[in-house]
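S.K.: Got a structure for you, written out below as structure tokens; questions coming shortly.
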Amino acid sequence: MGVSKGEGTSVPSSGDYGNLGTDEVLSRLHTDASRGLNEEDALRMAERGGFNEITEKRTPLWRQFGKRFWGLTAWMLELTMVLSFFLGKYFDLYIIAGLLVVNAIIGFIQEQKASSAVEALRKKLQINARVLREGVWKVVPARILVPGDIVRVRAGDFIPADLKLIEGELNIDQSALTGESMPVGRTAGSVLFSGSTAKRGEGTAVVVLTGPRTYFGKTVELLESARPKLHMEQITSRIVTWLLVMVFTLIAVLLGASYLRGVDILSVLPLALVLIVFAVPVALPAMFTVSMAIGSLELVSKGVLITRLSASEDAASMDTLCVDKTGTITSNRLSVASVIPLGGVEEDTVLTYGALASHEADQDPIDLAFLAAAGERKLKISDYRRISFTPFDPSTRRTEAIVRLGGTEIRAIKGAVRTLAALCGTKAEELDRLHSRMDDFASKGYRTLAVAHEVEGSAVLDGIVALYDAPRPDSGKLISELNEHGISVKMLTGDALSIAKEVARQVGLGESIISMGQLKGEIGSSPEVGARMAEKASGFAEIFPEDKYLVVRNLQSAGHIVGMTGDGINDSPALKQAEVGIAVSNATDVAKGAASAVLTNEGLTDIVTLVETGRKIYQRIVTWTLNKIVKTFEVAVFIVLAFLVTGDYVISALGVLLLLFANDFVTISVATDRVRWSSKPEKWDITSLVKISLALSMFTIAELFGLLFAGINLLHISPGNASFQTFGFSSVFYFAVFTILTVRERRHFWNSRPSGYMATALLVDVIAIALISTIGLPGLAPIGVGVVAFILAYAAVMFFGVNDFAKYLLMERLGIRR
């Protein structure tokens, strides 16, 4: 594709074709504007250069599933399985294998549900085109277009490839590609970009580039290269590392003590292996998935559709939001900004004639702006009876309508200021004043039109009207709320710097707006200085689609968790790269596919809901993490120290596995817990969480030893006794239950109630373990109901009377509690 017929040289880019004459382009592509290509030549070119489509790079399903068994957590489980096999611990092997496969299936299903933006782009090109081949016009799938094809474009057509216009005039809407809110005029010799839409006119053009070589296709390549940072994977690895360091240290102590006591090391290995498994948070992926899935369901009911589950948690840590101006901060819809009446007429008169010279059925953005302004002011344009309407013509540069009011026939006209001024015979001095006003409007990004009317051959210039793409009504409020939530908002736009500053001023972003060229220059000379400039700026002007992607990556490299909002194809790479890509309600399918969250309601205020829900999810995950670290350290230290003191294992390998099931998977119910969102972005401080967890573990370990000595001396459950390990198992389990009830609340435990589902799950868990302890299992001898009740009462007193106050003070000291 992109190879000239019969030659091996590559054709120029779209930009180069714009600088070439039409005849030279036709000559280079070896085509004839009156006959087009031959069918055989076109087929040969398509087979050699590729079809006019975006080819998606797919990873085989088996490889996607296989990578679920690769990584730190998977490696530890697989190592334990191997050791269990050689030691003949087949029951342990089956349990661990089951956990590993379940987690792999959950992750694989989540990945398959993720939306594919590239697929949406590929489908976008599955349209038809009118093509001239061998002198005959025919309709063919756009997929088979090749460079050199002659095509016909009419109003409403999707531009199927990069085209060079041979003849005709068109108004092109390329907002989805460039972010420009107003249609642009294109005449013979202009280049039409694939992905834009013809709004008015028609013309004949030659295909110059197809598929991935088009402007549209290069955006797709950028989209494919975008890789969002998987924040939760980094957090999981850090948690696992801390847990394994603690457990391996304690296992080394256990093995050393066993060797010194003359205990067979092989008999200790099963317990050591099970402790390793207990340290690996096998339920953590499931916990994350369930938490974020529940949060996603909550968000759907509030107008936010999550397409990548991790986005809701990443929204909790998001500290920077890049907001595309067109269609996001602004409405991508023209409106009247200012009316300057002339000759003593009123503003309403100017808008009345402008609205009369508009036609709603054409859905022209300028016509709709005048009609909307007339409707807002309740002007009585229905009193006028329309006789005829002439749409905009590039040759006359105006629209006009002949209307009748009573017995008077009036011609209402709107169009280019210079054109209407000449029509009305405006004097030079007045024209200079008008141009001065137009320059002022242009500096603010406004487009200026003139309005006139004619009665009995006498034309009068009534005034000029400034149009602009107005900010959404909720944009200023949204930016203020996001700032209150600790999120820095940065505007991205392709508009000129002066226009960007004016929009930023209107929505309360301030005037710290810089051009993308300035930022690129700083990044080129000093990436560190460029990163600081990007952090301080409140917006970037004069940017191209690939620049949005670069801004997001630059902010990420500076350590920020970045969100990005957008609506067009040009926003898609940045939407996919950002941790939180947010497509607005009227976004293109491509943008929605690239985003990780889609707003289903008009406006942007639901972004605040996304942030608050994400911060609730974060609090639930912190609760699970605190609980897991406390339990892991508690169990490992208690087993090792109890062995050193009593010479017996206080919990068997089977008991540890039961703890794993009874606690890790039941505490997934934390995903439903009642929590509060914080007022600032959440930052994972694993070190502080470990400090709190270790401090709480010290309390619980001391209390467990108090319970152990009570069992030996008061209940006469001695080491070597068949029920000794059951007593230790029950003690550790009930302490774990009260741990989750304590750490779930950052203040005192009585400040909030757990959710109904969580309370029910824990109650069922308590009853189930009580039954196992009193009835017994192979390897776990039964203990009496009174003993179980004693353990439960002792644990409740210790946690609610001592540990909860210790937790409160620790969180206050380390700043975890907000």
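S.K.: Among the residues of the range 27-56, write down those that are basic (Lys, Arg), surrounded by fewer than 18 Cβ atoms within 10 Å (Cβ to Cβ), farther than 14 Å from Thr210 by Cα and in contact (Cβ under 8 Å) with a residue 12 or more places away in the chain. Walk me through it before giving the result.
M.R.: Going residue by residue through the range 27-56, those that are basic (Lys, Arg) are 28, 35, 44, 48.
Within this subset, residues satisfying the condition of being surrounded by fewer than 18 Cβ atoms within 10 Å (Cβ to Cβ) are 35, 44, 48.
Retained after the next criterion (residues that are farther than 14 Å from Thr210 by Cα): 35, 44.
Arg35, the sole residue that qualifies.
S.K.: Among residues belonging to the range 109-139 that are in contact with a Gly (Cβ under 9 Å, 6 or more places away or on another chain), open to solvent by less than 20 Å² (accessible area, probe 1.4 Å) and modelled with pLDDT of 50 or more, point out the one that is farthest from Thr204 (Cα to Cα). Explain how you work it out, then say what you get.
M.R.: Going residue by residue through the range 109-139, those that are in contact with a Gly (Cβ under 9 Å, 6 or more places away or on another chain) are 115-121, 124-125, 131-137.
Pick out the ones that are also open to solvent by less than 20 Å² (accessible area, probe 1.4 Å) and you get 117-118, 121, 125, 131-133.
Checking the rest, the ones that are also modelled with pLDDT of 50 or more come to 131-133.
Details: Val131: 10, Leu132: 10, Arg133: 13 Å.
Going through the qualifying residues, I end up with Arg133.
S.K.: In the range 457-473, is there at least one residue being over 24 Å from Val350 (Cβ atoms) and either charged (D, E, K, R) or in contact with a Lys or Arg (Cβ under 8 Å, 6 or more places away or on another chain) (or both)? Give the derivation first.
M.R.: Here is the first cut: in the range 457-473, the ones over 24 Å from Val350 (Cβ atoms) are 472-473.
From what's left, either charged (D, E, K, R) or in contact with a Lys or Arg (Cβ under 8 Å, 6 or more places away or on another chain) (or both): 472.
Yes, there is a match, as at least one residue in the range 457-473 is over 24 Å from Val350 (Cβ atoms) and either charged (D, E, K, R) or in contact with a Lys or Arg (Cβ under 8 Å, 6 or more places away or on another chain) (or both).
S.K.: Next question. Residue check: is Phe727 aromatic (Phe, Trp, Tyr), open to solvent by 30 Å² or more (accessible area, probe 1.4 Å) and either on the phi < 0 side of the Ramachandran plot or touching a Leu at 6+ places or on another chain (Cβ under 9 Å) (or both)? Walk me through it before giving the result.
M.R.: Details: aromatic (Phe, Trp, Tyr): yes; open to solvent by 30 Å² or more (accessible area, probe 1.4 Å): no; either on the phi < 0 side of the Ramachandran plot or touching a Leu at 6+ places or on another chain (Cβ under 9 Å) (or both): yes.
When the stated conditions are applied, Phe727 does not pass them.
S.K.: What are the residues in the range 679-718 that are small (Gly, Ala, Ser), open to solvent by less than 10 Å² (accessible area, probe 1.4 Å) and within 23 Å of Arg746 (Cβ to Cβ), if any?
M.R.: Quick first cut of the range 679-718, residues small (Gly, Ala, Ser) only: 679, 688, 693, 695, 697, 702, 706, 710-711, 718.
Then keep just the ones that are open to solvent by less than 10 Å² (accessible area, probe 1.4 Å); that gives 693, 697, 711.
Within the range 679-718, Ser693, Ser697 meet the criteria.
S.K.: Among the residues of the range 61-86, which ones are at pLDDT 75 or above and either in contact with a Lys or Arg (Cβ under 6 Å, 6 or more places away or on another chain) or closer than 30 Å to Arg213 by Cβ (or both)?
M.R.: Matches in the range 61-86: Leu61, Arg63.
S.K.: Moving to a separate point now. Which residue out of Leu792, Leu809, Leu762 is assigned to a helix (DSSP H, G or I) and free of Cβ contacts under 8 Å to residues at least 12 places away in the same chain?
M.R.: Values: Leu792 fails: free of Cβ contacts under 8 Å to residues at least 12 places away in the same chain; Leu762 fails: free of Cβ contacts under 8 Å to residues at least 12 places away in the same chain.
Answer to the selection: Leu809.
S.K.: Further question: Inside the range 778-793, can you point out the residues that are at negative phi, open to solvent by 50 Å² or more (accessible area, probe 1.4 Å) and not hydrophobic (A, V, I, L, M, F, W, C)? Working first, answer last.
M.R.: To start, the set of residues in the range 778-793 that are at negative phi comprises 778, 780-793.
After this cut, where a residue has to be open to solvent by 50 Å² or more (accessible area, probe 1.4 Å) as well, the list is 778, 782, 785-786, 789-790, 792-793.
Within the range 778-793, Pro778, Pro782, Gly786 meet the criteria.
S.K.: Hey, does the range 650-657 have a residue that's among the β-branched types (Val, Ile, Thr), assigned to a loop (DSSP other than H, G, I, E, B) and surrounded by 24 or more Cβ atoms within 10 Å (Cβ to Cβ)?
M.R.: Of the range 650-657, the ones among the β-branched types (Val, Ile, Thr) are 650-651, 656.
Next, from what is left, pick out any that are assigned to a loop (DSSP other than H, G, I, E, B): 650-651.
This time we only want the ones that are surrounded by 24 or more Cβ atoms within 10 Å (Cβ to Cβ), so: 650-651.
Yes, the range 650-657 contains at least one residue that is among the β-branched types (Val, Ile, Thr), assigned to a loop (DSSP other than H, G, I, E, B) and surrounded by 24 or more Cβ atoms within 10 Å (Cβ to Cβ).
S.K.: Every residue in the range 698-719 that is of a type in the set (Val, Ile, Thr) and part of a loop (DSSP other than H, G, I, E, B), please.
M.R.: Pass one, the range 698-719, residues of a type in the set (Val, Ile, Thr): 700-701, 712, 717.
Within the range 698-719, just Ile717 meets the criteria.
S.K.: If Phe633 meets every condition in (1) hydrophobic (A, V, I, L, M, F, W, C); (2) under 30 Å from Lys683 (Cα atoms); (3) modelled with pLDDT under 80 apart from one, which number is that one?
M.R.: (3)
S.K.: Taking the residues in the range 432-460 that are of a type in the set (A, V, I, L, M) and either under 50 Å from the mean Cα position of the chain (by Cα) or open to solvent by 60 Å² or more (accessible area, probe 1.4 Å) (or both) as candidates, determine which candidate is modelled with the lowest pLDDT.
M.R.: Step one: of the range 432-460, the residues of a type in the set (A, V, I, L, M) are 434, 438, 442, 449-452, 455, 459-460.
Among the residues that remain, those that are also either under 50 Å from the mean Cα position of the chain (by Cα) or open to solvent by 60 Å² or more (accessible area, probe 1.4 Å) (or both) are: 434, 438, 442, 449-452, 460.
Values: Leu434: 89, Met438: 88, Ala442: 80, Leu449: 92, Ala450: 94, Val451: 95, Ala452: 94, Val460: 92.
Residue satisfying both the conditions and the ranking: Ala442.
S.K.: Considering only the range 609-639, state which residues are farther than 19 Å from Leu244 by Cα, touching a helix residue (DSSP H, G or I) at 6+ places or on another chain (Cβ under 6 Å) and open to solvent by 10 Å² or more (accessible area, probe 1.4 Å).
M.R.: If the condition is that a residue be farther than 19 Å from Leu244 by Cα, touching a helix residue (DSSP H, G or I) at 6+ places or on another chain (Cβ under 6 Å) and open to solvent by 10 Å² or more (accessible area, probe 1.4 Å), then Tyr618, Arg620 are the ones that fit.
S.K.: A further question on this structure: Across the range 478-505, what is the total count of residues that are touching a residue at least 60 places away in the same chain (Cβ under 8 Å) and over 23 Å from the mean Cα position of the chain (by Cα)?
M.R.: 3
S.K.: Given the conditions (1) among the acidic types (Asp, Glu); (2) more than 23 Å from Val552 (Cα to Cα); (3) open to solvent by less than 10 Å² (accessible area, probe 1.4 Å), which single one is not true for Glu346?
M.R.: (3)
S.K.: Could you please let me know if Ile410 is open to solvent by 20 Å² or more (accessible area, probe 1.4 Å) and on the phi < 0 side of the Ramachandran plot? Walk me through it before giving the result.
M.R.: Values: open to solvent by 20 Å² or more (accessible area, probe 1.4 Å): no; on the phi < 0 side of the Ramachandran plot: yes.
No, not satisfied.
S.K.: Do you know which residues across the range 140-157 are at pLDDT below 85, outside any helix (DSSP H, G or I) and open to solvent by 40 Å² or more (accessible area, probe 1.4 Å)?
M.R.: The answer is Pro141, Arg154, Ala155, Gly156.
S.K.: Got a sec? Which helices (runs of 4 or more DSSP H) wholly within the range 525-581 have at least 3 residues that are buried (at least 24 other Cβ atoms within 10 Å of the Cβ)? Spell out the reasoning first.
M.R.: Working: elements: 527-536, 545-557, 572-577.
In the range 525-581, the matching helices (runs of 4 or more DSSP H) lie at 545-557, 572-577.
S.K.: Please specify each residue of the range 594-630 satisfying the condition of being assigned to a helix (DSSP H, G or I) and more than 30 Å from Leu810 (Cβ to Cβ).
M.R.: Filtering the range 594-630 for residues assigned to a helix (DSSP H, G or I) gives 594, 606-630.
If the condition is that a residue be assigned to a helix (DSSP H, G or I) and more than 30 Å from Leu810 (Cβ to Cβ), then Ala594, Asp606, Ile607, Val608, Thr609, Leu610 are the ones that fit.
S.K.: Taking helices (runs of 4 or more DSSP H) that fall entirely within the range 1-54, which contain at least 1 residues that are among the acidic types (Asp, Glu) and modelled with pLDDT of 85 or more? Before the answer, list the steps.
M.R.: On the way: elements: 14-19, 22-28, 39-49.
Ranges flagged: 22-28, 39-49.
S.K.: Name the single residue, out of those in the range 413-431 being open to solvent by 50 Å² or more (accessible area, probe 1.4 Å) and hydrophobic (A, V, I, L, M, F, W, C), that is farthest from Leu461 (Cα to Cα).
M.R.: Ala428
S.K.: Going through the range 322-379 one residue at a time, which ones are of a type in the set (S, T, N, Q) and farther than 28 Å from Asp474 by Cα?
M.R.: We begin by selecting, within the range 322-379, every residue of a type in the set (S, T, N, Q); these are 326, 328, 330-332, 335, 338, 349, 352, 358, 363.
Answer for the range 322-379, where residues must be of a type in the set (S, T, N, Q) and farther than 28 Å from Asp474 by Cα: Thr349, Thr352, Ser358.
S.K.: Find the strands (runs of 3 or more DSSP E) located wholly in the range 388-468 whose residues include 1 or more that are more than 15 Å from Thr352 (Cβ to Cβ) and touching a residue at least 60 places away in the same chain (Cβ under 8 Å), and list them. Give the derivation first.
M.R.: Values: elements: 398-405, 408-415, 447-455.
Output list reads 447-455.
S.K.: Condition first: open to solvent by 20 Å² or more (accessible area, probe 1.4 Å) and either free of Cβ contacts under 8 Å to residues at least 40 places away in the same chain or closer than 14 Å to Phe735 by Cα (or both). Now tell me which residues in the range 765-777 satisfy that.
M.R.: Result: Val766, Ile767, Ala770, Leu771, Thr774, Ile775.
S.K.: Taking the condition free of Cβ contacts under 8 Å to residues at least 40 places away in the same chain and either open to solvent by 40 Å² or more (accessible area, probe 1.4 Å) or part of a helix (DSSP H, G or I) (or both), does Gly510 pass? Spell out how you get there, then give the answer.
M.R.: Values: free of Cβ contacts under 8 Å to residues at least 40 places away in the same chain: yes; either open to solvent by 40 Å² or more (accessible area, probe 1.4 Å) or part of a helix (DSSP H, G or I) (or both): no.
Criteria not met by Gly510.
S.K.: Within the range 737-759, count every residue that is in contact with an Asp or Glu (Cβ under 7 Å, 6 or more places away or on another chain) and open to solvent by 20 Å² or more (accessible area, probe 1.4 Å).
M.R.: Within the range 737-759, residues that are in contact with an Asp or Glu (Cβ under 7 Å, 6 or more places away or on another chain) and open to solvent by 20 Å² or more (accessible area, probe 1.4 Å) number 5.
S.K.: Can you tell me which of (1) assigned to a loop (DSSP other than H, G, I, E, B); (2) open to solvent by less than 60 Å² (accessible area, probe 1.4 Å) is the one Ala355 doesn't meet?
M.R.: (1)
The values are calculated or read from the model by the stated rules, or taken from the named source; none is laboratory data. These numbers come from a predicted model, not from an experiment. Glycine gets a Cβ as well: all are built from the backbone with ideal geometry, and neighbour counts include every protein chain shown. These accessible areas exclude ligands, DNA and RNA; they are computed on the full protein's heavy atoms, side chains included. Shrake-Rupley method; radii C 1.70, N 1.55, O 1.52, S 1.80 Å.
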